[in-house]
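Presented below is the structure to which this report refers.
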Amino acid sequence: MDVVKAVETYVTKVVSVPSAIKVLLLDSHTTPIVSLASTQSTLLSHQVYLTDKVDNPRRERMPHLKCVCFLQPSEESLSALEAELAEPKYGEYYLYFSNILSKPAIERLADVDEYEVVREVQEYFADYAPLLPSLFSLNHTPSAAKPLFANSPQSWDPRALERAVQGITAVLLSLKKKPVIRYEKMSHMAKKLGGEIQHRIHSESTLFDFRMTQIPPLLLILDRRNDPVTPLLSQWTYQAMVHELIGIQNGRVDLSNAPDNQPELREITLTTSTDPFFQSHSLATFGDLGSSLKSYVQTYQSKSLAHSPSAINSISDMKRFVEEYPEFRKLGGNVSKHVALVGELSRLVDRDKLLEVGEVEQGLATSSGADLKAGFFSVEAFIRNPSITPQYKLRLVALFALRYQKSKAADIANLINLMLQNGVTREDARLVYVLLNIAGSDQRQDDLFSSDTLLAKGFSALKGLKGVENVYTQHAPRLSQTIENLLKGRLKDTNYPFVENPGPNSTLQRPQDIIIFMIGGTTYEEARVVSLLNQDLAAGTGQLGSSAGTRILLGGTTVHNSSSFLDMIRIAAVSFPMSVYDPPPEAPPTAPALNLQLGNVNVSLGGPGGSGVYRTSGKAAGVQADGIRDGVRTFMGKVKEGVDRIGLP
């Protein structure tokens, strides 16, 4: 279930035929897919000497060359290909499509091929972006031109629905999986998507004629609206931090805004398949990353000494130098890249006061935020602080509103008004109510801040007494609990029904292959959960040892950071009724509550503050948070000093 290898295999097949000098024509959809799955040197090794867009009218006629086309079977690409075949610029054409090509489309191409230059037509199901071995994206970042929703949070834009069906179908076909399908009951969009995929599997039964397994694979369709908290949080692991603070677009990172950066590092490539250091440390916390980067630099420095002129004293030394120099240069470029990237992350963390902001975010997102007064006053203080940028003020208020929607409507309104007085625009401030109306407690299937039963609440709350290793990484995405329930056979079919009845005891079966798709986009924090879980399952270690051998794949319409998530909410609201900007209805203030006092620790189950564990005296908790914060600050200072000192040629 490695999507990177699956797409790499398809791309290799595309460029291997014919065995001659050739041109590769792509469209706007397949270009990033090929760039993620292949490199320029790999293409050259298969005699691809020119890569261009199929809709580029300025290409020269080169009839002595053969042409390979790898295109999405969309109307735009088919029209561009028709125009190409009507006036062919190359001697032969080999046509490969990234998804199922309909019979009418084949007939269109046959009609226009008057010069009989087409030699081959094939389908290679690489219609998605393979970001990690266990993560894929459909690269559908919602915009005004390409929205995700129609006129309500429960309805698909027809084009977005068809794109999702095509993308997931391609994933299934590329991995040779014919799954049973489950979905989140609260999501009409998930139900609709599941039904359409099931229909596509039935209508293309010949393509899905794979070898049956004892327990069929599972496709689980989730909705981003059931966990709006995860994409709003600051991130503290390498890959997730880069995407949150700078942005990763199809394996590329734009560092043009980084001050004092070298020209060759204005845009860098950052993929696990081409970068061994990133492959080893993409999931590492920022604290661990510092020591790893230091070791990496020291390795380069030791090799640099070995390649200095004073170390070349014989013919054998010269031979060794010539053989090792290309790899040495590559290592030097990679070291420079990661030093520049970590230096920029350090600068942004310091500039935006993210250590302080991150601590409050984690408190609001976890049981440590059950102290309502402390949470309110912390958020209020940050809103008044002129050194905190408006985007972080908005995120803090959004997190506060999601947590206390049903108990503190007046405080939410006060914080929104305070934002308006402290640099946040009206357009942004009203997104708080939009978020509550789209993904608030009335819209969610699960309670993000407590569990369903009193017993579960007590267990969850008491579990918090053990403390956490790092105040900045306390939060666990809702997805982790969903996967755990699934692997333990506890995912209820009342909450996660099947599209088609799979038979008795189906919920107790533990599938070996699980594909999870998140409507509305997933995150790198969730991808990290899946990657680490796959490592444990492959090794047969951890609490889920009984599920050893299970493989999990995560995908989404896109991969969000906080900015893209809020942009999606902003764009969607324009198409919804105006009431989406109004405060949602309040909950009755008579919810039952149970509070236990255990020494200086209060265990709260229900009630206005939410469920959780917090100290009645803030001293000890404050000491822990201060210690961690000071430790991280010290580390950040050391990283910055190291970055400043390192001089790489």
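What follows draws every value from the coordinates through simple rules; no lab data is involved. Since we're looking at a predicted model, the values are computed, not measured. Neighbour counts run over all protein chains shown; Cβ positions are idealised from the backbone, glycine included.
What is the packing order of peptides 349-355, 230-236, taking the mean over residues of other C-beta atoms within 10 Å and listing the highest first?
Put in order of decreasing packing, that is 230-236, 349-355.
Among the listed pairs LYS185/LYS492; LYS53/LYS89; LYS53/LYS330, give every one whose C-alpha distance is greater than 18 Å.
Result: LYS53/LYS330 exceed 18 Å.
List residues of region 143-175, by number, whose backbone nitrogen lies under 18 Å from a label position 7 Å along Cα→C-beta of ILE106.
No residues fall inside that zone.
Just to be sure I understand the model, the point goes 7 Å from the Cα along the line to the Cβ. What's the resulting GLN249 to TYR581 distance in nm?
Here the answer is 2.9 nm between the modelled labels.
Where does each of 418-430, 107-119, 512-524 land if you order them by average Cβ count within 10 Å, highest first?
Working: 418-430: 15.3, 107-119: 13.7, 512-524: 24.8.
Highest to lowest by the protection proxy: 512-524, 418-430, 107-119.
Which FRET efficiency value, to the nearest 0.05, is calculated for PHE210 and THR389 with the Förster distance at 41 angstrom and r the Cβ-Cβ distance?
0.20
Test of understanding: what is the full-extension gain from LEU65 to SER45, defined as 0.36 nm times their sequence separation minus their Cα-Cα distance?
The span from LEU65 to SER45 would gain 5.6 nm if fully extended.
Which value in nm describes the separation of the simple spin-label points at ALA538 and ARG490, placed 7 Å from the Cα toward the beta carbon?
About 2.7 nm separates the two model spin labels.
Give me the percent of Cα-Cα pairs in region 3-127 that sit more than 26 Å apart, rounded to a whole number.
The answer is 12 percent, as a whole percent.
Once you place label points 7 Å from the Cα toward the Cβ at ASP567 and ASP442, how far apart are they in nm?
Distance between label points: 3.0 nm.
Beta carbons within 10 angstrom, averaged per residue: use that to sort the peptides 37-43, 443-449, highest first. Don't jump to the answer; show the numbers that get you there.
Values: 37-43: 15.9, 443-449: 18.0.
Most protected by this proxy first, the peptides run 443-449, 37-43.
Using R₀ = 41 Å, calculate the FRET efficiency as 1/(1 + (r/R₀)^6) where r is the Cβ-Cβ separation of GLN279 and ASN470; round to 0.05.
Numbers: r = 23 Å, r/R0 = 0.56.
Result of the calculation: an efficiency of 0.95.
Where in region 202-262 are there trypsin sites (Lys or Arg not before Pro) that are in a DSSP coil and have at most 14 other Cβ atoms within 10 angstrom of their Cβ?
In loop regions of region 202-262 (DSSP not H, G, I, E or B), the sparsely surrounded trypsin sites (Lys or Arg not before Pro) are ARG211.
Karplus couplings for region 114-125 from phi (6.51 cos²θ - 1.76 cosθ + 1.60, θ = phi - 60°), rounded to Hz, Gly and Pro as x?
3J(HN,Hα) across region 114-125, in whole Hz: 5, 8, 6, 9, 7, 9, 7, 9, 9, 10, 10, 7.
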